[in-house]
Amino acid sequence: MRIALIIPAAGVGKRFSKDGVVPKQYIQLLGHPVIYHAVKAFLPHVDYIQPVGDPDTLNFILLPLDSKKILSPIHGGKERQDSVRAGLEALSSLPEDQQPDIVLVHDGARPNISAEIIHRVVDALKDYPAAIPAIPVAETLKRNKDNIIEETVSRDGLFRAQTPQGFHFKPFLEVHRKAAGSSATDDAALFEDVGLKVALVQGDENNIKLTYQEDLKRLECLMSNVMLPRIGSGFDVHAFEKDRPLYLCGIEVPHELGLAGHSDADVGLHALCDAIYGALAEGDIGAHFPPSDNQWKNADSKQFLIHAGERVRRRGGKIINIDLTLICERPKMRPHIEQMREKIAGLLQIDVARVSVKATTTEKLGFTGREEGIACQAMTSILLPE
Ligand SMILES: Nc1ccn([C@@H]2O[C@H](COP(=O)(O)OP(=O)(O)OP(=O)(O)O)[C@@H](O)[C@H]2O)c(=O)n1
Ligand SMILES: C[C@](O)(CO)[C@H](O)COP(=O)(O)O
């Protein structure tokens, strides 16, 4: 499934600044322009990003991100809807086999977007042609005229719409083309107008659209200290068994015995998965891949580690480092350590310099000393959004 993001950034920001010298999406927030934060947050989760706004400014701002996923910026239109349509037309001019299946639209002025919301929207698109994040209205609503209340409006069933709003590309393009000339304030409205279902998923109070001056301070506070370190530990043991290959840390290690287990019994990857799930406080490997479930019989444990790494990314996190110790008398691990480090780094999509694999014996003491099995302990440190 190919996912494209359109990021409209062609507005003038009348409500933010009366003189409008620098539109709000281009002003500095914590050392980078507002839109830079938004684009950076989406990069791991989409295949293309189509920025819409002043091309010179956008090229200059987005250059440091150095990503082939970012398409050449294009000019926007008078209304937000015109800018989104321009982005859609640009995507539709890609060769057919490169066109997206799904399009997300995210305001260039919404810099504090979490990976969780992006995934909630994308997941909902498996069941619906469109989905948006929204939050329920919490306050009592009043209609005002000249600072005198005209009426109290029921807030029953009312939600505040956010972005990213997600759509199946082909119907979205068609609906947008037909609606050209109208000026809806969000894209979901165009789907609603033609009777197509738009799912609501949970939004986030912190996914603030920079609209008024006071929003800038709130965004600075929210985004200045967003990542917190977490530590996780994992431990696993498997007994030796005849006539099985020995898998350790994602590679096959030559030995006269393999390890017994429901899956391929890769004790190294299992301990590491538990360390990562532990850091996320998301249970353990058995909770995600129950041994009672036959589909994991003889399963390749590499897929478990890929899943654990994906969970970190989906939570908007980052693995800082891994330290893993294999405990056994034999086989000797030294000749295999580099290959194991590289395999783990590849599966987790992190730099190999962040992965340490070590081995130790127990001086012939205990079950590992008697060569009855192999134990492994793993530690990891990750960064997670607050
Ligand atoms: N013609 C327009 C108008 C808006 N936008 C973009 O749509 C997003 C959300 O719109 P909004 O917050 O309303 O931005 P402005 O129109 O710039 O704000 P204002 O209404 O205060 O002028 C912003 O990233 C804005 O740059 C756009 O690409 N093209
Ligand atoms: C798309 C949007 O951000 C969802 O809340 C919003 O509708 C933009 O509307 P605005 O009136 O242009 O701020």
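Scan the stretch 56-85 residue by residue and report those that are within 16 Å of ligand 2 (Cβ to nearest atom) and part of a helix (DSSP H, G or I). Correct list: ARG80, GLN81, ASP82, SER83, VAL84, ARG85. Considering ASP204, ASP187, the condition of being touching a Ser or Thr at 6+ places or on another chain (Cβ under 8 Å), within 15 Å of ligand 2 (Cβ to nearest atom) and not basic (Lys, Arg) is satisfied by ASP204 alone. When each of GLY31, GLY13 is tested for being modelled with pLDDT under 95, within 16 Å of ligand 2 (Cβ to nearest atom) and small (Gly, Ala, Ser), the lone residue that passes is GLY13. If only residues of the stretch 222-235 that are small (Gly, Ala, Ser) and not in a helix (DSSP H, G or I) are counted, the one that is surrounded by the most Cβ atoms within 10 Å (Cβ to Cβ) is GLY234. Could you check the stretch 1-21 and list, in sequence order, the residues that are more than 7 Å from ligand 1 (Cβ to nearest atom), more than 16 Å from ILE74 (Cβ to Cβ) and either surrounded by 15 or more Cβ atoms within 10 Å (Cβ to Cβ) or touching a residue at least 12 places away in the same chain (Cβ under 8 Å) (or both)? Once the filter is applied, which keeps residues that are more than 7 Å from ligand 1 (Cβ to nearest atom), more than 16 Å from ILE74 (Cβ to Cβ) and either surrounded by 15 or more Cβ atoms within 10 Å (Cβ to Cβ) or touching a residue at least 12 places away in the same chain (Cβ under 8 Å) (or both), the stretch 1-21 yields MET1, ARG2, ILE3, SER17.
Look at the stretch 42-55: where a residue is small (Gly, Ala, Ser) and within 16 Å of ligand 2 (Cβ to nearest atom) and a partner is assigned to a strand (DSSP E or B) and modelled with pLDDT of 95 or more, sitting 6+ places away or on another chain with Cβ atoms under 9 Å, you get GLY53/ILE7; GLY53/PRO8; GLY53/ALA9; GLY53/ILE74. Would you call PHE16 part of a helix (DSSP H, G or I) and out of contact with any Gly (no Cβ under 6 Å at 6 or more places or on another chain)? Against the criterion (part of a helix (DSSP H, G or I) and out of contact with any Gly (no Cβ under 6 Å at 6 or more places or on another chain)), PHE16 does not qualify. Look at the stretch 92-111: where a residue is more than 14 Å from ligand 1 (Cβ to nearest atom) and a partner is modelled with pLDDT under 95, sitting 6+ places away or on another chain with Cβ atoms under 7 Å, you get ASP101/MET1; ILE102/MET1. Counting only residues that are among the hydrophobic types (A, V, I, L, M, F, W, C) and more than 30 Å from ALA4 (Cβ to Cβ), the stretch 131-164 holds 7 of them.
The residues in the stretch 126-154 that are free of Cβ contacts under 8 Å to residues at least 60 places away in the same chain and not acidic (Asp, Glu) can be counted, and the count is 16.
Quick grid of which residues meet (1) within 16 Å of ligand 2 (Cβ to nearest atom); (2) out of contact with any helix residue (DSSP H, G or I) (no Cβ under 7 Å at 6 or more places or on another chain); (3) not assigned by TED's automatic domain parsing to the domain that holds LYS332:
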{"site": "SER183", "(1), (2), (3)": "yes, no, yes"}
{"site": "PHE191", "(1), (2), (3)": "yes, no, yes"}
{"site": "LEU200", "(1), (2), (3)": "yes, yes, yes"}
{"site": "TYR247", "(1), (2), (3)": "no, yes, no"}
{"site": "PRO254", "(1), (2), (3)": "no, yes, no"}
{"site": "SER263", "(1), (2), (3)": "no, no, no"}
{"site": "ALA275", "(1), (2), (3)": "no, yes, no"}
{"site": "ALA281", "(1), (2), (3)": "no, yes, no"}
{"site": "ASP284", "(1), (2), (3)": "no, no, no"}
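Checked against (1) in contact with a strand residue (DSSP E or B) (Cβ under 6 Å, 6 or more places away or on another chain); (2) in a helix (DSSP H, G or I); (3) farther than 20 Å from ARG218 by Cβ; (4) among the polar types (S, T, N, Q), GLN50 passes all but condition (2).
Scanning the stretch 193-209 for residues that are closer than 10 Å to VAL175 by Cβ and either surrounded by 13 or more Cβ atoms within 10 Å (Cβ to Cβ) or not β-branched (Val, Ile, Thr) (or both) yields a count of 2.
Determine if the stretch 279-294 includes at least one residue that is in a helix (DSSP H, G or I) and either of a type in the set (Ser, Thr, Tyr) or surrounded by 24 or more Cβ atoms within 10 Å (Cβ to Cβ) (or both). Looking for residues that are in a helix (DSSP H, G or I) and either of a type in the set (Ser, Thr, Tyr) or surrounded by 24 or more Cβ atoms within 10 Å (Cβ to Cβ) (or both), one finds at least one in the stretch 279-294, hence yes. Return yes when ALA345 is in the same structural domain as ALA275 (by TED's automatic domain parsing), part of a helix (DSSP H, G or I), within 25 Å of the chain's Cα centre (by Cα) and surrounded by fewer than 13 Cβ atoms within 10 Å (Cβ to Cβ) and no when it is not. No: the conditions fail for ALA345. Of the residues making up the stretch 261-274, at least one is in contact (Cβ under 8 Å) with a residue 24 or more places away in the chain, within 16 Å of ILE374 (Cα to Cα) and of a type in the set (D, E, K, R). The listed residues are ILE231, ILE251, and the only one of them that is touching a residue at least 24 places away in the same chain (Cβ under 8 Å), touching a Lys or Arg at 6+ places or on another chain (Cβ under 6 Å) and β-branched (Val, Ile, Thr) turns out to be ILE251. Residues that are within 12 Å of VAL103 (Cβ to Cβ) and within 16 Å of ligand 1 (Cβ to nearest atom) within the stretch 168-190 comprise HIS176, ASP187, listed in sequence order. Against the definition (more than 16 Å from ligand 1 (Cβ to nearest atom) and surrounded by 14 or more Cβ atoms within 10 Å (Cβ to Cβ)), how does ILE117 come out, yes or no? In short, yes.
The values are calculated or read from the model by the stated rules, or taken from the named source; none is laboratory data. Just so you know, these numbers come straight off a predicted model, no measurement behind them. Using ideal geometry, Cβ is built from the backbone for each residue, glycine included, and neighbour counts are taken over all protein chains shown.
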